[in-house]
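The values are calculated or read from the model by the stated rules, or taken from the named source; none is laboratory data. The structure presented is a predicted model; accordingly, all values stated were derived computationally and were not measured. With ideal geometry, Cβ positions are generated from the backbone for all residues, glycine too; neighbour counts draw on all protein chains shown. All accessible areas refer to the heavy atoms of the entire protein, side chains included, with ligands and DNA or RNA removed. Shrake-Rupley method; radii C 1.70, N 1.55, O 1.52, S 1.80 Å.
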Amino acid sequence: MRGAWFLVSGIGLLGFIAPVVGLVFRLTPGRTPVVREVELLSQAFHYDPLQPGEAHTRHALGGRIEVRWGERVVLHLRAVDTAHGFYLDGYGINRVVQPGEEVTIEFIAIRPGKFRFRCSETCGPLHPFMIGELVVTPNLPFYSSALGTIFLALAVVGRFWWLKGEA
Amino acid sequence: MVVRGMARAFAYPRLELTRCSLLRRLVKHRAFQFMLILPNLAVFVLVLVAAFLGTPVGNRNFAIIFVWIVWWAALIILLIPLAGRIWCAMCPIPAPGEWLQRLAIVTRRPGRPFTLGLSWPRALRNIWLQNGTFLAVALFSALILTRPLATGIVLALFIGLALLLSLLFERRVFCRYVCPVGGFIGLYAMVAPLELRVKDPQVCVTHKEKDCLRGNAEGYPCPWMAYPGNLWRNIDCGLCTECLKACPKENVGIFLRPFGQDLLLARAPGWKGRSLDEAYKAFIMLSCALIYSAVYIGPWGFLKEWANLSDPAGFALYATGFLGVNLIGLPGVFLIAVALARWIARAGIPLRRLFVELAYALVPLGLTGWIAFTLSFVLVNISYAIPLLSDPLGRGWDLLGTASHPWTPYIPELVPLLQLPVLWLGLVVSIGLAFRIAQQNLGDAAKARRALLPIASFMTLIVLLFQRLYLG
């Protein structure tokens, strides 16, 4: 049983390796990038991503953009009410858009995982919490770390079940 | 049932820090607490000035950035996990009331204190009121955390209430029973590896004068209304060191110990045991960490608008959901897990008792949840503090030449890699603690192992929820 416990614990800890690989190292796929265009409306204190031609609804469910790993992302950033910023974690992109203008931001989604984008231009009281999400699928860091959590919990519970004499 | 009483008091290794003569002289000095409070009082005054007279733009105002980012991060990441209630020893909020009550700031003034000296109602000698005050502040957090004026009003209300209560009631009633911050600091202080305790409880039994309770020429009676001879948990001690000064037997010290010992305590003389009010504090804190992670760090604009009172109907929905999750949702799901645990273990213990006992196992998970949430915004926003050193009121000053320092998020993409081990640590410790508590209550290890399955599943689900919000 001791071997089983070490196996489960090991798998649990491996759950931390994948997020490290995903979030730290740039993994560029060796194929021609598919272009993904998204219109991104910024408004105090949220982002609304729209597909080209889609009408803007004020209470969009969330400022979440999903693209596939390796895609070329083209964001058409617009501000609805006042000047807003767009800072993308992990990509070092930082742009400001004024009401009435459109800023185009292009990048290749080179890392799988979730990356937040935030307003970088003071826009009101909740400015520090004006946050959206870019999810580059497959979201390996999340799935592997979730698996890691389950195995880690199994390992801790297993310590009491399998290593009775030693617990 | 494991009983840890006088005979087995402090059945864990302890290192007495106050054996160091320099530290002992320092903490016994009458000016010790004043010297801790003084710099914080100076910053607190600046916070109030900035809140009422500075710019209304939150991230350009000293009050918002230094209270809700710098102080909060220091409190939740460093002070509480490492030193428990040390903040309570240096907090400036109750200081004016206490000084007025004593008619002295540093010295030990003999005679009657300046107060009506009423006793706190017996029905409120618990942390239910602190649970309520915390929920009230937490519900309006979107206003308080982002508007300097709201922060200023709340802090001024705290100081006014502390002053009023010190004039009406004996000692530090505000800190012990009312302060919304003190409630969760006390809960999580039980994790800390630092404690103020007696060296030998037997010495207190034979010492009839009880100077720590009555006070003497060296020290005031315990402001937290605790009797050090029966002090077993950090939740009841504000680390003011008055008992250390007053004890003629030199029987009080400050100790280093392994983390989380108070949470393992099942029974002790003079302590009524684990209670529902503290269990609910654990639920409230865990729920709030999850809700805040969704509202403030999540991408859902409508949640931010509702929390921000932009739309009264939306806020009503938010308030219902917020209070529902805190008071019914999370405790309800945990109750189901405990009922399952009780059934699987074939345990005879009442469900309510087991629910309360096992809720304490959520304390490490709640603390690590808060640390993870704090990490998600502190590294990103801490750079707002740099220009404020030169321009605390946002009036266009440049006192130290740092006013034009730009907002610079530090390693934001790596924050999940910091959050993940923190959450995992909380999960591992909480599951281990749940097993120990189950063993205390169910009598044997076989039953505890079975009872652990649904409780560990609940805890794993909570961590997966955090992970979904941070990484998913």
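Quick notes on this structure:
- Label zone of residue B:333 (point 7 Å out along Cα→Cβ, amide N under 18 Å): in segment B:276-294 this covers B:280-294.
- Positive-end ranking of B:330, A:99, B:359 along the dipole of the protein assembly as shown, with charges on Cβ about the Cα centre, is headed by B:359.
- If R0 equals 41 Å, the separation of the Cβ atoms of residue A:17 and residue B:38 corresponds to a calculated FRET efficiency of about 0.25.
- Interface residues of segment B:293-308, defined as those losing at least 40 Å² of solvent-accessible heavy-atom surface relative to the isolated chain (probe radius 1.4 Å), are listed as B:296, B:297, B:299, B:302, B:304, B:305.
- For the protein assembly as shown, the per residue solvent-accessible surface stands at 39 Å², with DNA, RNA and ligands left out and a 1.4 Å probe.
- Added length on full extension, which subtracts the Cα-Cα distance from 0.36 nm per residue, residue A:107 to residue A:93: 4.1 nm
- Each label was represented as a point 7 Å from its Cα along the Cα-to-Cβ direction; for residue B:320 and residue B:404 these points are 5.3 nm apart.
- In nm, spacing of pseudo-spin labels at residue B:23 and residue B:109 (7 Å Cα→C-beta vector): 3.3 nm
- Partner shielding of A:147-157 amounts to 6, given as the average count of beta-carbon atoms from other chains within 10 Å of each residue beta-carbon.
- Buried between A and B is an accessible area of approximately 4400 Å², summed over both sides with a 1.4 Å probe.
- Cleavage-rule hits (chymotrypsin sites (Phe, Trp or Tyr not before Pro)) in segment B:316-405: DSSP loop, at most 13 neighbouring Cβ within 10 angstrom: B:397
- Convex hull volume per residue for chain B, taking Cα atoms only, in Å³: 155 Å³
- Spin-label pair residue B:122/residue B:395, simplified geometry with 7 Å Cα→Cβ offset, distance in nm: 5.5 nm
- Modelled label reach - residue B:414, point 7 Å along Cα→Cβ, segment A:86-110 residues with backbone N closer than 16 Å: A:89-92
- Reported to the nearest whole Å, the Cα centre-to-centre distance from segment B:63-120 to segment B:214-271 is 17.
- Across segment B:137-208, Cα pairs under 8 Å and at least six residues apart give a relative contact order of 15 percent.
- Unpaired cysteine residues in chain B (no second Cys Cβ under 4.7 Å): B:20, B:88, B:91, B:175, B:179, B:204, B:222, B:237, B:240, B:247, B:288.
- The fraction of accessible area contributed by carbon and sulfur in chain B is 71 percent, rounded to a whole number (1.4 Å probe; ligands and nucleic acids excluded).
- Here the sum of -39500 (n - 2.57) over DSSP H runs of 4 or more residues, divided by the residues of chain B, equals -17000 deg cm²/dmol at 222 nm, to the nearest 500.
- Between segment A:112-167 and segment B:437-456, the alpha-carbon center distance in angstrom: 28 Å
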